[in-house]
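Report on the following structure.
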Amino acid sequence: MIGKLRALILWAWRVLSTPASTLSLGFLTLGGFVGGVMFWGAFNTALELTNTEAFCTSCHEMRTNVYEELTRTVHFSNRSGVRATCPDCHVPHDWTDKIARKMQASKEVWGKIFGTINTREKFLNMRLELAQHEWARLKANDSLECRNCHSMAAMDLTRQTTRAADIHTRYLLSGKATCIDCHKGIAHELPNMEGIDPGWKVPAELQGKTAFHGWADGDRLAAYLESSRMAAAE
Amino acid sequence: MRSQDHTRRLIARRLQALAGLVLVLLMGTVALAQMAPQLTQTVPQLSGNSSPMESREAAPLPKWNVDDVRKMRNYPDQPPVIPHSIEGYQLSVNTNRCLSCHKRELTEGSGAPMISVTHYMTREGQMLADVSPRRYFCTACHVPQAETRELVPNMFRDMSEMGVRPAGAEQ
């Protein structure tokens, strides 16, 4: 048995290492090139095919749960007519990261085959865990998929409401938080959020020390307090 | 013959019925005429289609006031109105987007005003550690505002303009 296997391997090696006797070098190089192009084209086409909304929503798990919820949000229909589809947020755009994510997705194929979330109830029971995976992924890559469209440099704070501009200045521009810390559940419904604090929750040890007053005339107030302190001291 | 009798009886009965109907109609109209002004006053058509079976062009959606400026209350008990957009805010058994800023523990980070202390009370006035379930659905009382036409004429006057004197002023 082992002898036979060895003979087979040796034969294959001999075929591969012997120079071609009937095929020309030109045929081999050009043929190899054309074959490579065709393989690569087919591979990429298949990859892109799995990267469409139509492919994602071809499973009822996605269509009746998350896709239906998406259609009610601003990422689906809005005044400027720009739509984010599933892969825009859930698949990295860079090639290597994309391939890595596609390999992870084999777990999702497993889930599909064994019906892990094939009913609404099963899906809702698992929603927290699934959401936490996505939050962790976006936290780890600094909300890369958000920033593919919402770039910080192109964000005009003066066009935002004062409240939004304030909060973005305090948390986003200072690098204290990334998009997903505060903007959870923007495209799908949320799981039970009990015990999951929003991104702006002040940790217990900092409470009372971070209050933001936003005084427009803080300098004048400080000067006044200083002068009154001096007056009291005299 | 029997059939003729039958017909005659029928006609007589029909005449009776007709007289009754006329009587009812007359009295009913009088009653309705008395009720009509009341009816139109108590149930004014505020929104929606006045003839519900016919399809009609929808009125344009109003633009919400989103200037973040806190509005004065028109009377002390008025639930404050929301001066920002609440578009897409999830308010369900799972999560409450409003409370994620306005809850006591979260106001320091968000800078939002805390929901009032009455929201931490039971119906009987007992204090609770967390928001009372009966106060959970914010939009039952607190609503955003838009510049729209009044649905009914409004002659509201602030009570401070009505000669109200502060408590204890009579002594």
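Here the calculated FRET efficiency for A:ASN141 and A:PHE55, from their Cβ-Cβ distance with R0 = 25 Å, stands at 0.65, rounded to the nearest 0.05. By the count of other C-beta atoms within 10 Å, a proxy for reagent exposure, A:GLU226, A:GLU68, A:GLU189 are ordered fewest to most as A:GLU226, A:GLU68, A:GLU189. Among the DSSP helices (H) of chain A, those spanning at least 20 angstrom by Cα along their long axis with an average Kyte-Doolittle hydropathy of -0.5 or more are A:2-17, A:25-49, A:218-233; this is a geometric and hydropathy rule only.
Placing +1 on the Cβ of every Lys and Arg and -1 on the Cβ of every Asp and Glu, with no other charges, gives the protein assembly as shown a dipole of roughly 1680 debye about its Cα centre. Across segment A:1-159, the mean sequence separation of Cα contacts (distance under 8 Å, 6 or more residues apart), normalised by length, yields a relative contact order of 15 percent. Specify the residue with the greatest mean-square fluctuation among A:ILE113, A:ILE99, A:ILE186, computed from a Gaussian network of chain A linking alpha-carbon atoms under 10 Å apart. Maximum among the listed residues: A:ILE113.
In terms of surrounding Cβ atoms within a 10 Å radius of their Cβ, B:PHE156, A:PHE33 rank from fewest to most as B:PHE156, A:PHE33.
Annotation for A:SER24 and A:ALA100: the two label points, set 7 Å from Cα along the Cα-Cβ direction, are 4.6 nm apart.
Note on B:LYS71: aspartates and glutamates with a C-alpha under 20 Å away, same-chain residues under 8 apart excluded, are A:ASP166, B:GLU87, B:GLU147, B:GLU150, B:ASP158, B:GLU161. Sorted fewest first by neighbouring Cβ atoms within 10 angstrom, B:SER132, A:SER24, B:SER51 come out as B:SER51, A:SER24, B:SER132. For segment A:170-197, the residues whose amide N sits under 16 Å from a probe point set 7 Å from the Cα of A:ASN125 along the beta carbon direction are A:192.
Using the Cβ-Cβ distance between A:ARG159 and B:ASN94 with R0 set to 30 Å, the FRET efficiency from 1/(1 + (r/R0)^6) comes to roughly 0.40.
On full extension, the segment bounded by B:SER160 and B:SER85 gains 24.0 nm, given 0.36 nm per residue less the C-alpha separation.
Apply the a/c threshold of 1.5 to the C-alpha gyration tensor of segment A:55-102 and tell me whether it is rounded, prolate or oblate. Verdict is oblate for segment A:55-102. For segment A:83-234, averaging the sequence separation of C-alpha pairs within contact (under 8 Å, six or more residues apart) and dividing by the residue count gives a relative contact order of 19 percent. Calculated [222 nm] ellipticity per residue, helices only, for chain A: -15500 deg cm²/dmol; basis is -39500 (n - 2.57) per DSSP H run with n ≥ 4, divided by all residues, nearest 500. Classification of chain A by its C-alpha gyration tensor yields a prolate form. The axis ratio a/c (a ≥ b ≥ c) is 1.5 or more, and a/b outweighs b/c. Highest mobility in the GNM of chain A, judged by mean-square fluctuation with C-alpha springs under 10 Å and restricted to A:HIS188, A:HIS133, A:HIS90, is found for A:HIS133. For B:GLN78 and A:HIS133, what is the calculated FRET efficiency with R₀ set at 45 Å and r taken between the beta-carbons, to the nearest 0.05? Efficiency, rounded to the nearest 0.05: 0.55.
Largest GNM mean-square fluctuation across A:THR169, A:THR178, A:THR22, computed for chain A with C-alpha springs under 10 Å, falls on A:THR22. Take the alpha carbon gyration tensor of the protein assembly as shown, find the square roots of its eigenvalues, order them as a ≥ b ≥ c, and report rounded if a/c is under 1.5; if not, report prolate when a/b exceeds b/c, else oblate. It is oblate, given that a/c is not under 1.5 and a/b is not larger than b/c.
All of the numbers you see were taken from the coordinates with simple rules; none came from a lab. Computed from a prediction, not measured in an experiment: that's the story for all the values here. Cβ: placed from backbone, ideal geometry, glycine included. Neighbour counts: every protein chain shown.
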